[in-house]
Amino acid sequence: MNRNRQTGLSLVELMIAITIGLVLMTGVVQMFISSKTVFTTQQGLSRLQETGRLAVEFISRDLRQAGYVGCAYPTDWNISSTLNNGHTFSSDFDFGVPLQVYDAATPPAEIPLAPEPKAGTQVLVAYTANSESAPVSNANTANSVFVDLTTPPGQACPSGICANDIVVVADCDKAMLFQATSVTESGAEVELGHGPGADPGNARTSWGGNPDNMIETFDEGAEVFKINTVVYYVAEDADGNPGLYQKIDTDPAFELLRGVEDFNVLIGMDTDANRSADDYIEHSAVANWMNAVAARIEVLVQTPDDNATSDEQTFEFAGEEITATDKRIRQVFTTTVGIRSKLP
């Protein structure tokens with residue numbers, strides 16, 4: 001009987017097999033890690049592109065409409081406001097100002113922002129009118145403005161105007177800003193009252209109805225627009241993730257887009273009264289916001305996940321070269337927007 005017959009693997013053969021297996025597994029793991037890295041990078045780049053395009057689109061849309069009051073071109077003599085003080089469109093506000101930009105450390109006091117703006121960033125405030133309007137149906141009285149009854153898509157209120165909305169009635173010569181403290185539907189017509197109640201309420205509650213005072217008379221051919229104070233700013237959530245926040249009027253601010261790290265706005269100024277931008281300057285250098293006719297926007301967006309790239313990225317933003325302290329991918333999206341109410 002042969003007792004030397006081999007019945008299993010020797011130790012050397014087992015070690016060789018384990019080594020070969022480890023080499024193969026290392027290759028598989030490397031392929032998996034490489035595929036995951038590529039997937040994460042591509043997914044991050046896709047979200048970065050989408051976020052950047054949307055951020056530019058949202059901000060551009062409101063800036064184009066900034067200061068819009070129908071066919072009336074805002075000047076210091078044809079725009080009036082009846083609102084009480086304490087509102088962004090108070091009686092001392094000049095509607096010829098289409099936008100304003102503030103440092104995060106000194107946001108406008110009349111617009112409380114929560115969460116607070118991220119340190120070192122900007123706060124952009126645009127004063128806009130809805131593109132949809134309600135046509136005036138009859139000459140206004142001392143207490144009311146009358147518009148045709150319409151039902152815009154998605155609007156629950158008659159003619160798209162709800163009680164206590166801030167509105168502007170305008171023709172091609174003048175405009176009056178007031179709070180519609182009451183909205184009453186009557187047949188094919190809607191009556192907009194401008195009483196003293198609500199917040200902020202109207203400092204002047206009786207105006208119009210005098211045919212000898214054409215500055216306060218609005219008849220057929222005029223339009224009523226709902227107007228808004230729209231604020232854009234960058235803030236961080238509880239986990240420290242930055243995002244673009246939007247606040248409209250007195251509604252709470254909400255995160256519009258996650259991943260927006262910063263934005264910078266240069267103001268296009270009309271320096272020779274030809275209604276075109278002659279120079280783009282920092283907001284801190286603006287002496288008269290009435291002369292702002294355009295804005296150049298830079299939006300800095302980062303990928304949601306760290307380690308999206310193997311090296312720390314260097315990029316240019318707001319005229320400075322910046323080296324990132326993490327391995328996220330960043331991209332700057334730039335556009336120039338003309339303010340339609342200020343351009344020919």
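The values are calculated or read from the model by the stated rules, or taken from the named source; none is laboratory data. Only a predicted model underlies this, so the values are computations on that prediction, with no experimental measurement involved. Cβ coordinates were reconstructed from backbone atoms using ideal geometry, including for glycine residues, and neighbour counts include every protein chain displayed.
Does Leu124 fit the bill of being within 16 Å of Asn228 (Cα to Cα) and at pLDDT 95 or above?
yes
Whether any residue in segment 244-259 is basic (Lys, Arg) and under 30 Å from Arg330 (Cα atoms) is what I want to check.
yes
For segment 145-197, give me every one of the strands (runs of 3 or more DSSP E) that falls completely inside it and has 3 or more residues that are surrounded by 16 or more Cβ atoms within 10 Å (Cβ to Cβ) and aliphatic (A, V, I, L, M).
Of the strands (runs of 3 or more DSSP E) lying wholly inside segment 145-197, those with at least 3 residues that are surrounded by 16 or more Cβ atoms within 10 Å (Cβ to Cβ) and aliphatic (A, V, I, L, M) span 165-170, 175-180.
Pull up segment 140-161, narrow it to residues that are touching a Pro at 6+ places or on another chain (Cβ under 8 Å) and modelled with pLDDT of 90 or more, then point me to the one that is nearest to Ile215 (Cα to Cα).
Per the stated criteria, the residue is Val147.
Answer with yes or no whether Thr335 is hydroxyl-bearing (Ser, Thr, Tyr) and outside any loop (DSSP other than H, G, I, E, B).
Judged against the criteria, Thr335 is a match.
Identify the residue in segment 311-323 that is touching a strand residue (DSSP E or B) at 6+ places or on another chain (Cβ under 9 Å), at pLDDT 90 or above and not hydroxyl-bearing (Ser, Thr, Tyr) and, among all such residues, is nearest to Ile267 (Cα to Cα).
For segment 311-323, the residue satisfying everything is Ala318.
State yes or no: is Ser133 farther than 19 Å from Thr229 by Cα, modelled with pLDDT of 85 or more and buried (at least 16 other Cβ atoms within 10 Å of the Cβ)?
Numbers: farther than 19 Å from Thr229 by Cα: no; modelled with pLDDT of 85 or more: yes; buried (at least 16 other Cβ atoms within 10 Å of the Cβ): yes.
Spelling it out, it is not the case that Ser133 is farther than 19 Å from Thr229 by Cα, modelled with pLDDT of 85 or more and buried (at least 16 other Cβ atoms within 10 Å of the Cβ).
Look through Phe39, Phe58 and report the one residue that is at pLDDT below 85 and under 30 Å from Asp305 (Cα atoms).
Values: Phe58 fails: at pLDDT below 85.
Unique residue meeting the criteria: Phe39.
Whether any residue in segment 257-267 is surrounded by 14 or more Cβ atoms within 10 Å (Cβ to Cβ), within 29 Å of Asn130 (Cα to Cα) and of a type in the set (S, T, N, Q) is what I want to check.
Yes; the residues of segment 257-267 include at least one that is surrounded by 14 or more Cβ atoms within 10 Å (Cβ to Cβ), within 29 Å of Asn130 (Cα to Cα) and of a type in the set (S, T, N, Q).
From the list Gly221, Gly209, Gly240, which one is at pLDDT below 95 and under 23 Å from the mean Cα position of the chain (by Cα)? Don't jump to the end; show me each part of the working.
Working: Gly221 fails: under 23 Å from the mean Cα position of the chain (by Cα); Gly209 fails: under 23 Å from the mean Cα position of the chain (by Cα).
Gly240 is the lone residue from the list that is at pLDDT below 95 and under 23 Å from the mean Cα position of the chain (by Cα).
A quick yes/no check of all residues on (1) under 30 Å from Gly240 (Cβ atoms); (2) assigned by TED's automatic domain parsing to the domain that holds Arg47; (3) within 23 Å of the chain's Cα centre (by Cα):
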site	(1), (2), (3)
Asp270	no, yes, no
Asp279	no, yes, no
Ser284	yes, yes, yes
Ala287	no, yes, no
Pro304	yes, yes, yes
Asn307	yes, yes, no
Gln313	yes, yes, no
Ala318	yes, yes, yes
Lys327	yes, yes, no
